[in-house]
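These notes concern the structure reproduced below.
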Amino acid sequence: MERQLSIDTLRKIATASAALVKGNSVQPIYDHVLIEDQRVVLGNATTQLEWFLDEEDRSFGFAPEAYPARDLERIAKSLPDAAQVQFGEQGQIRCGRSRFRLPVYDGAQYPVREEPLPSAWIRVQTQDLERIFPSLRRCAAKNDARTYLNGIHWQIRRVGQQEASLLVLEATDGHRAARFSLEYTPPLDSAHSPSGASADTEPSVPTLDAILPVEGLSAWMKLLSSRKIAEFSIAQIRSGVLFQGGGLRLWLTSLDGHYPSLDTILAQLEKRKDVLSLSIADFQRALTLATIGVGESQAVTLSTAPEHLLSVAAKGEERQAEDQIPAQWSGSLPLRYSFNIQYLMDVVDSVKETTKGSEDTEDPHMALRFDVSEKDPTSTFAEVPGGVLVVMPIRE
């Protein structure tokens, strides 16, 4: 028996597989996409996406098969717009005069995750997560032996003595960190949630405390953007966290380990009385020029200069660069700190992203908080709407 999918649907499947299916898996079946009557399933041992097809793309009586993901991506790119793609038995695919036959697995062999759906969900606005996600992704470690640092920590936390609570997201690689708080819609009864599951009891108060892989979250953000999904739901499950919205359901397995507490570091923010205020555009230009002098070094030095100027200097073995920009320094002592230049450039990008649309001026400013009274370099902070960024200076 055959089934038919529009080329638009096939291209959406290809977009999802490009984000989630990496190829060369230890289990070859994870390099495939499972196509069933009413859904498409793809992912790997720790991440699984279920895509529930629209009514016009659904079929009944079609024998599910797992198709090679990369081959489907190439086919989707090569076929013309408005095409209709026919899927037959044993990997047969045809579209007009084009014919393909792919090596497939029987759909029953695909390891689809089966786990009871939770009874309480929270809803988050996509635009809120889009604003902060790039900053969190930059601060997460990459290929660190401490696997928990390679993820982003999600947690529901109570605010002070109030009954209200916030969704807190944080990331750190040990040299820099970011923490943001998001508001969320109170729990949904699963009977009315996008999952369509039913529950016999009232929804429980949601709990969420998980370290989620950056790659899986990045794929989710791409899917939300490509399908223009305005909000989605989140729930804790036994192995991690479940996301769903717009006909998509993503299972993410939590990374093992206990996430380090950032509370001690962030508590220092209020003690930082020495503030450096400067134009974001000027600072970004100065850092870009400083990269000329970096050479083999990755350090840039910030120091106060006369007449309310900030000196931004970098020096390599045979080259150097320096720029002076207007700045306001409230500290009682001269400022002189060295940083990894890429970390500072990332801070500038994060400030621009998280404050976009919140500034009325044509030349928005940023503020960095220091403590120049201490001998050893300590955490430097940049406050942004709904969160804070932290970067550690270099010991000279």
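The values are calculated or read from the model by the stated rules, or taken from the named source; none is laboratory data. These numbers come from a predicted model, not from an experiment. Note that we place each Cβ from the backbone using ideal geometry, even for glycine, and neighbour counts take in every protein chain shown. Accessible surface is based on the protein model in full, side chains and every heavy atom, while ligands, DNA and RNA are left aside. Shrake-Rupley method; radii C 1.70, N 1.55, O 1.52, S 1.80 Å.
Quick check: is even one residue across the stretch 158-167 open to solvent by less than 60 Å² (accessible area, probe 1.4 Å) and within 28 Å of F52 (Cα to Cα)?
yes
If you take the residues in the stretch 369-396 that are of a type in the set (D, E, K, R) and part of a strand (DSSP E or B), which one is least open to solvent (accessible area, probe 1.4 Å)?
If we take residues in the stretch 369-396 being of a type in the set (D, E, K, R) and part of a strand (DSSP E or B), then R369 is least open to solvent (accessible area, probe 1.4 Å).
Taking the options S226, S195, name whichever one is open to solvent by 30 Å² or more (accessible area, probe 1.4 Å), small (G, A, S), at pLDDT below 95 and farther than 23 Å from P385 by Cα.
S226
Examine the stretch 42-60 for a residue that is part of a strand (DSSP E or B), more than 23 Å from the chain's Cα centre (by Cα) and among the basic types (K, R), and state whether such a residue exists.
No, that holds for no residue.
Specify the residue that is least open to solvent (accessible area, probe 1.4 Å); the eligible residues are those in the stretch 252-279 that are among the polar types (S, T, N, Q) and part of a loop (DSSP other than H, G, I, E, B).
The selected residue is S254.
Look at the stretch 296-330 and say how many of its residues are at pLDDT below 90 and open to solvent by less than 40 Å² (accessible area, probe 1.4 Å).
Looking only at that region, the number is 2.
Where in the stretch 293-332 are there strands (runs of 3 or more DSSP E), lying fully within it, with 1 or more residues that are in contact (Cβ under 8 Å) with a residue 60 or more places away in the chain?
Output list reads 299-305.
Which residue out of L136, L149 is within 15 Å of the chain's Cα centre (by Cα) and closer than 13 Å to L217 by Cα?
Selected residue: L136, the only one of L136, L149 that is within 15 Å of the chain's Cα centre (by Cα) and closer than 13 Å to L217 by Cα.
So, R99, is that one modelled with pLDDT of 90 or more, in contact with an Asp or Glu (Cβ under 7 Å, 6 or more places away or on another chain) and of a type in the set (D, E, K, R) or not?
When the stated conditions are applied, R99 does not pass them.
Using the structure shown, decide if D37 is assigned to a loop (DSSP other than H, G, I, E, B) and touching a Pro at 6+ places or on another chain (Cβ under 9 Å).
Criteria met by D37.
Name every residue in the stretch 17-33 that is in contact with a helix residue (DSSP H, G or I) (Cβ under 7 Å, 6 or more places away or on another chain) and either among the β-branched types (V, I, T) or crowded, with 24+ Cβ neighbours inside 10 Å (or both), in order of residue number.
S17, L20, V21, I29, H32, V33
Any idea which of (1) surrounded by fewer than 20 Cβ atoms within 10 Å (Cβ to Cβ); (2) over 19 Å from D173 (Cβ atoms) is the one M366 doesn't satisfy?
(1)
Show the residue pairs meeting these rules: Cβ distance below 6 Å; 6+ apart or different chains; first residue within the stretch 42-59 and of a type in the set (G, A, S); second residue in a helix (DSSP H, G or I).
Qualifying pairs under 6 Å: G43/L20.
Report, by residue number, each residue of the stretch 225-276 that is in contact with a Pro (Cβ under 9 Å, 6 or more places away or on another chain), among the basic types (K, R) and within 25 Å of P134 (Cβ to Cβ).
Once the filter is applied, which keeps residues that are in contact with a Pro (Cβ under 9 Å, 6 or more places away or on another chain), among the basic types (K, R) and within 25 Å of P134 (Cβ to Cβ), the stretch 225-276 yields only R249.
Determine the pairs where a residue that is within 16 Å of R3 (Cβ to Cβ) and without any contact (Cβ under 8 Å) to a residue 40 or more places away in the chain, located within the stretch 94-114, has a partner that is assigned to a strand (DSSP E or B) and among the hydroxyl-bearing types (S, T, Y) with Cβ atoms under 7 Å apart, the partner being 6 or more residues away or on another chain.
L102/Y67
Identify, from the list R131, R123, R157, R137, the residue that is over 21 Å from I237 (Cβ atoms), touching a strand residue (DSSP E or B) at 6+ places or on another chain (Cβ under 8 Å), modelled with pLDDT of 85 or more and not hydroxyl-bearing (S, T, Y).
R137
Please go through (1) aliphatic (A, V, I, L, M); (2) under 30 Å from the mean Cα position of the chain (by Cα); (3) surrounded by 17 or more Cβ atoms within 10 Å (Cβ to Cβ) for V85 and return the number of the only condition it doesn't satisfy.
(2)
Here's the yes/no breakdown for (1) open to solvent by less than 30 Å² (accessible area, probe 1.4 Å); (2) of a type in the set (V, I, T):
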| position | (1), (2) |
| --- | --- |
| W51 | yes, no |
| R70 | no, no |
| I75 | yes, yes |
| P80 | no, no |
| W121 | yes, no |
| E130 | no, no |
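Do we have A210 as within 22 Å of S165 (Cβ to Cβ) and modelled with pLDDT under 90 here?
Criteria not met by A210.
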